[in-house]
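Notes follow the structure.
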Amino acid sequence: MFNDFKLTDDRPVYIQVKDYLKRLIIKGSLQADQKLPSTREAGLLLAVSRNTVISAYAELEGDGFVYVVKGKGSYVAAVSSPRGTAAPLCEIDWQSRINGYARQAVELDRMKRGIRVDKSVISFTSIAPDEKLFDLENVKRAFQDRIALEGGVLLNYGYAKGYKPLIDYLLTYMEQKGVDLSGKDMLITNGFTEAFDIVMSALRRKDGGSVICENPTHYTAIKNLKLNGFQITGIPMERDGINLTELERALTEQVYDCAYLIPSYHNPTGIVTSPEKRLAIMQLMARHHIPVIEDGFNEELRYSGSHVSPLITTAGQSNGVVYIGSFSKVLFPGIRVGWVLADRELIDYLESIKRARSIHTSTLDQSLLFQYLQNGNLEKYLKKARAEYKRKYEWTKHCCEKYLPYTRLSGDGGLHLFVEFDECFDTAALLNACSSQGVIFTPGNMFYTDGGGKHTMRLGFSKVSDDDIDKGLEIIGQTAKQMMK
């Protein structure tokens with residue numbers, strides 16, 4: 001016995017010894033009331049120091065696996081479920097128990113069916129920020145500053161509504177964007193996805209309901225809407241935003257529970273809705289009494305044209321806009337913090353849903369983000385990020401114009417471009433042909449609400465090197481031209 005012990009990882013050695021002995025006790029290899037070797041003897045048997053064994057025995061005693069008889073040594077304690085008394089084997093047929101919601105979630109889970117790639121593949125699929133730009137030193141400083149101020153409080157339970165210093169900061173932040181905060185309040189969430197799910201679950205009816213949105217639109221939103229039972233009506237996009245004629249026609253033909261819109265650096269087209277069209281949209285929604293869910297996606301990554309205010313700013317004191325914000329695509333996606341800014345009465349309901357589902361968003365994450373923002377790091381980081389992403393955007397656009405036989409190229413900034421080919425072209429077939437050559441992208445059909453978009457694709461450039469952008473787009477372009485012959 002003990003001759004099969006091996007150090008396997010970077011954890012402290014005494015923890016590995018403790019876990020090894022615990023497994024022997026649970027398996028029954030070490031019986032109840034059996035005397036363990038002395039610490040010196042065990043150290044020799046396991047090829048570790050005596051102090052390591054002393055620490056391991058102490059941990060086992062604390063966990064109830066070992067007891068000490070003074071003057072005699074350490075003994076194995078009786079395990080509550082000894083070997084041989086396990087419950088009868090029970091095999092559950094989970095397929096028969098899984099409901100329609102779970103089945104639909106799997107069906108809509110594109111990530112599971114995505115192409116697995118290694119580092120040698122040139123991938124245009126991601127629209128996450130480039131971690132090489134992450135401001136690690138100031139993040140570390142923010143963490144140390146906040147821990148020094150509040151310590152253990154940050155590791156305890158927090159409030160469902162959110163960390164108050166962060167809420168106060170973000171309310172001021174939104175006010176500086178021009179938002180009238182009268183009658184409004186805020187809820188902190190685990191990023192955009194949880195925020196959107198909470199809002200839609202609060203608005204859905206027994207039969208689901210109906211929502212109107214841009215077509216194409218954010219796939220995560222499409223997936224979430226379908227899981228919540230909503231019927232989706234998509235309105236085509238024009239160069240400066242949603243088609244107002246088609247939007248007005250749809251609003252006169254049917255009653256909608258809400259609208260979902262991404263006015264800035266739209267996902268996937270990258271289009272920024274013009275100020276004139278934003279005002280016209282809000283006038284239409286007010287006339288038809290339809291609440292608007294505004295996705296503030298990539299709003300901060302503006303590096304072309306003048307600042308355009310969010311839809312919630314256009315709404316003034318009215319309470320018809322629910323704004324969902326996040327810094328995930330701007331700062332650090334690993335810090336799962338988003339927010340909902342909306343009518344105070346609605347936030348009260350959303351807070352209760354949040355509490356029932358996840359109790360609260362990580363206070364540690366919230367406080368870290370708050371301190372980072374409070375320390376004045378956001379604008380300095382954005383200045384650097386905008387410059388780099390603008391350069392990459394212009395380079396990617398240049399390479400698209402040089403290599404791709406597209407009919408339309410859109411994207412006013414952000415982290416991606418959207419490409420449209422002739423309507424008879426199939427980008428899924430193009431992906432298959434390119435993936436065998438070490439290049440992948442996101443086919444555009446997944447973003448469409450009506451099964452269209454088979455001739456489109458989204459190109460995320462944020463994490464791709466300049467050389468790979470050039471090489472990858474040349475391969476895509478050459479392959480597309482061959483397929484078009």
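What is the ratio of the Cα radius of gyration of segment 46-162 to 2.2 N^0.38 Å, with N the residue count, to two decimals?
1.93
Could you state the accessible area per residue of segment 162-229 in Å², with a 1.4 Å probe and every protein chain left in place?
33
Ordered by residue, what ³J(HN,Hα) values in Hz, to whole numbers, does segment 242-251 give under the Karplus form 6.51 cos²θ - 1.76 cosθ + 1.60, where θ = phi - 60° and Gly and Pro are x?
With the stated coefficients, segment 242-251 comes to 4, 6, 5, 4, 5, 5, 5, 4, 5, 5 Hz.
How much of the accessible area of segment 237-324, in percent, comes from carbon and sulfur atoms when a 1.4 Å probe is used?
50
How many times 2.2 N^0.38 Å is the alpha carbon radius of gyration of segment 395-485?
So segment 395-485 has a normalised radius of gyration of 0.99.
Could I have the simple spin-label model distance between ASN319 and HIS289, label points 7 Å from Cα toward Cβ, reported in nm to one decimal?
A separation of 1.5 nm, rounded to one decimal place.
Going by average Cβ neighbours within 10 Å, how do the peptides 336-342, 128-134 rank, with the highest at the top?
336-342, 128-134
Calculate what fraction, in whole %, of the accessible area of segment 24-94 sits on carbon and sulfur atoms when a 1.4 Å probe is rolled over the protein chains.
54
By a straight-distance test (C-alpha under 23 Å), which lysines pair with LYS22 as possible cross-link partners, with residues fewer than eight away in the same chain excluded?
Cα-Cα hits under 23 Å: LYS6, LYS35, LYS70, LYS72.
List the GluC sites (Glu not before Pro) within segment 1-97 that DSSP assigns to loop and that have no more than 13 neighbouring Cβ atoms inside 10 Å.
Of the GluC sites (Glu not before Pro), the ones in loops of segment 1-97 whose Cβ has at most 13 other Cβ atoms within 10 Å are GLU91.
Under the 0.36 nm per residue contour assumption, what length would be gained going from the current alpha-carbon distance of ARG239 and LEU44 to full extension?
Extra length from ARG239 to LEU44 when fully extended: 62.7 nm.
With the cut-off at 20 Å, tell me which of the pairs LYS184/LYS354; LYS119/LYS463; LYS390/LYS454; LYS140/LYS354; LYS383/LYS471 have Cα atoms farther apart than that.
Going by Cα-Cα distance, LYS390/LYS454; LYS140/LYS354; LYS383/LYS471 fall outside the 20 Å limit.
Against the longest alpha carbon principal axis of the chain, how many degrees, from 0 to 90 and to the nearest 10, is the axis of helix 13-27 turned?
It works out to around 80 degrees.
Quick one: with all protein chains in place, what share of the accessible area of segment 137-179 is carbon or sulfur, to the nearest percent (1.4 Å probe)?
Percent of accessible area from carbon and sulfur atoms in segment 137-179: 55.
So what does the Cα-only Debye profile of segment 147-212 read at q = 0.18, 0.20 Å⁻¹, as log10 I(q)/I(0), no solvent term?
Cα-only, vacuum Debye calculation for segment 147-212: -0.90, -1.00.
Between VAL153 and GLU474, what FRET efficiency comes out of the Förster formula 1/(1 + (r/R0)^6) with R0 = 60 Å and r the beta carbon distance, rounded to 0.05?
Efficiency computed from Cβ-Cβ geometry: 0.65.
By how many degrees, 0 to 90 and rounded to 10, does the Cα axis of helix 164-176 deviate from the longest principal axis of the chain?
10
Can you tell me the 0 to 90 degree angle between the C-alpha axis of helix 363-374 and the longest principal axis of the chain, rounded to 10?
50
Compute the semi-axes of the equivalent ellipsoid of the chain, taking the square root of 5 times each eigenvalue of the Cα gyration tensor, and list them largest first in whole Å.
Taking √(5λ) for each Cα gyration eigenvalue gives 50, 29, 25 Å.
Within straight cross-link reach of LYS112, meaning Cα distance under 16 Å, which lysines are found once same-chain residues fewer than 8 apart are removed?
Partners within reach: LYS223.
The values are calculated or read from the model by the stated rules, or taken from the named source; none is laboratory data. Here the structure is a predicted model, which means the values were calculated and not measured. Don't worry about glycine lacking a Cβ; one is built from the backbone with ideal geometry, like all the others, and counts go over all protein chains shown. To get the accessible areas, we keep the full protein, side chains included, count just its heavy atoms, and leave off ligands, DNA and RNA. Shrake-Rupley method; radii C 1.70, N 1.55, O 1.52, S 1.80 Å.
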